[in-house]
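Structure record follows, encoded as structure tokens.
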């Protein structure tokens, strides 16, 4: 990509990170439509990446239905913003009916030796990948009308946590955090990510006053703690599938799951804090 493959991994990571972050920041700030368009695309690309990974392990998820469920989940959450009440009722009735489809489809699919595992993986993709992204997009409408400040603040905390953990871990990391799953992660890196994320949350609370200071502080803590677990969960997934990266779309970062694995586990908890 643009000749980045000739550079060192760290250089690739920095350049791709700057370009990617800039594009996302512009999309978030420009309008609610650019925000929804970009992150809906990322949601579906992440889901496709997940299904491709598990498909390589011999499982056969019902991908089309997984995408349909994710789209309905998106519509279900945003119906109050864009649709009338009758549309809400329609979606509410359609979803339970569609849930039966994977079972019926697998009943007639002869070449799947693990039908129930494949069905479970279909739904897991929706819960593990699509739901957190829908919750993230909903954060943009926390104040009923669109505001870029909350989703942007969440991204800043996430990036601060990842950046602090990466560079502090590389420089000072000695004590392994979870060697069985991720040998490179250290307690020193975790502390570095925590401190940098806390600094960022302090400035966010000062400039983005739509929510209280304690919420920004707690959001930062949750992103560091559950984001780290999210990283480990994705590492566990890759180890179980015996692969290094979830993809190669982002130079130096791997795939979308590699880049946003922390958000997938942290975002449901952040949503709890926002809507308490």
- Item | Residues located in the range 158-198, provided they are surrounded by 19 or more Cβ atoms within 10 Å (Cβ to Cβ) and outside any helix (DSSP H, G or I) | 173, 177, 185, 186
- Message: Scan the range 130-142 and tell me whether some residue there is closer than 29 Å to residue 54 by Cα and free of Cβ contacts under 8 Å to residues at least 12 places away in the same chain.
- Response: no
- Task: Search the range 199-214 for residues being out of contact with any helix residue (DSSP H, G or I) (no Cβ under 6 Å at 6 or more places or on another chain) and in a helix (DSSP H, G or I), and hand back the single one that is surrounded by the fewest Cβ atoms within 10 Å (Cβ to Cβ).
- Result: 207
- Query: So which helices (runs of 4 or more DSSP H) stay within the range 92-156 end to end and still have 3 or more residues that are out of contact with any helix residue (DSSP H, G or I) (no Cβ under 7 Å at 6 or more places or on another chain) and more than 22 Å from residue 44 (Cβ to Cβ)?
  - Reply: 101-108
- Task: Take the residues in the range 56-81 that are out of contact with any helix residue (DSSP H, G or I) (no Cβ under 8 Å at 6 or more places or on another chain) and either in a helix (DSSP H, G or I) or at negative phi (or both), then tell me which one is modelled with the lowest pLDDT.
- Result: 81
- Query: (1) in the same structural domain as residue 112 (by TED's automatic domain parsing); (2) farther than 19 Å from residue 264 by Cβ; (3) without any contact (Cβ under 8 Å) to a residue 24 or more places away in the chain: which one isn't true of residue 23, the others all being true?
  - Reply: (1)
- Message: Just the residues that are more than 17 Å from residue 137 (Cβ to Cβ), in a helix (DSSP H, G or I) and either at pLDDT 90 or above or in contact with a strand residue (DSSP E or B) (Cβ under 8 Å, 6 or more places away or on another chain) (or both), please, taken from the range 227-256.
- Response: 227, 228, 229, 230, 231, 232, 233, 235
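The values are calculated or read from the model by the stated rules, or taken from the named source; none is laboratory data. None of these values were measured; they are calculated from a predicted model. No Cβ is skipped: glycine too gets one built from the backbone with ideal geometry, and neighbour counts run over all protein chains shown.
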